[in-house]
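Contents: one structure, followed by commentary.
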Amino acid sequence: MKTYSAKPADIDRKWYIVDASEAPLGRLATQIALLLTGKGKPQFTKHIDCGDYVVVINAANLVVTGGKEEKKLYHHHSGYPGGIKQATLADKQAKDPAFAITHAVRGMLPVNKLRAERLKRLKVYAGNEHQHEAQKPEAISVKDGK
């Protein structure tokens, strides 16, 4: 019996829509990363990108637990001496509601040549409105895991 290896022509990408106000950030990010990598598909192959598109709505209403709005810090260094900057999750959410979700999902994807292409298939919107109705995205509930 031969081992199955997916070809780029065999890939069928679906569109899914996830509501960020349903579950905490970590649970949301793991479910999104699973969909982007395509690990739930039977034809999953490590070296071929066989994941799906994911649209995240209500990113402004992101759920975090344990007071992470003020405790969780994001660091950035400019490259110059004394150039380290930090901001809380609340500050980042006020500027860009999509940042926290994108950052969390990016950290959960494998670090290889496929990561950038997978992140391009992640669409994050602050509100309920999105421009992907034509693709007929299938709603996924993160609470249930289905």
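Computed from the coordinates by the stated procedures, all read-outs in this text should not be read as laboratory data. Being a predicted model, the structure only gives us computed values, none of them experimental. Here the Cβ positions follow ideal geometry from the backbone for every residue, glycine too, while neighbour counts run over all protein chains shown.
Here are the numbers for this structure:
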{"quantity": "Added length on full extension, which subtracts the Cα-Cα distance from 0.36 nm per residue, Ile84 to Asn128", "calculated": "12.4 nm"}
{"quantity": "Per-residue Cβ neighbour rank within 10 angstrom, fewest leading, Val111, Val56", "calculated": "Val111, Val56"}
{"quantity": "Global geometry of the range 13-140, whether rounded, prolate or oblate, following the gyration tensor of its Cα atoms and the 1.5 cut on a/c", "calculated": "oblate"}
{"quantity": "Farthest toward positive dipole pole in the range 1-113 [+1 Lys/Arg, -1 Asp/Glu at C-beta], among Ala6, Thr37, Tyr16", "calculated": "Ala6"}
{"quantity": "The range 94-146: GluC sites (Glu not before Pro) in DSSP loop, at most 16 other beta carbons within 10 Å", "calculated": "Glu129"}
{"quantity": "Nearest 10 degrees, 0 to 90: helix 25-37 Cα axis against the chain principal axis", "calculated": "30"}
{"quantity": "Exposed chymotrypsin sites (Phe, Trp or Tyr not before Pro) absent: longest stretch of the chain, with sites in DSSP loops and at most 15 other Cβ within 10 Å deemed exposed", "calculated": "45-146"}
{"quantity": "Neighbour-count order for Asp19, Asp12, Asp96, fewest beta carbons within 10 angstrom listed first", "calculated": "Asp12, Asp96, Asp19"}
{"quantity": "Low-density loop positions, trypsin sites (Lys or Arg not before Pro), the range 1-77 - DSSP coil, at most 10 other Cβ in 10 Å", "calculated": "Lys2"}
{"quantity": "For the range 72-135 versus the range 5-57, the gap between their alpha-carbon centres in whole angstrom", "calculated": "17"}
{"quantity": "Principal-axis tilt of helix 99-108 within the chain, Cα atoms, nearest 10 degrees", "calculated": "50"}
{"quantity": "Anisotropy class of the range 11-83 from Cα gyration tensor, a/c 1.5 cut", "calculated": "oblate"}
{"quantity": "Overall form of the range 81-141 per C-alpha gyration tensor (a/c, 1.5; a/b vs b/c)", "calculated": "oblate"}
{"quantity": "Using a Förster distance of 22 Å, the FRET efficiency for Thr65-Ser21 (Cβ separation, nearest 0.05)", "calculated": "0.95"}
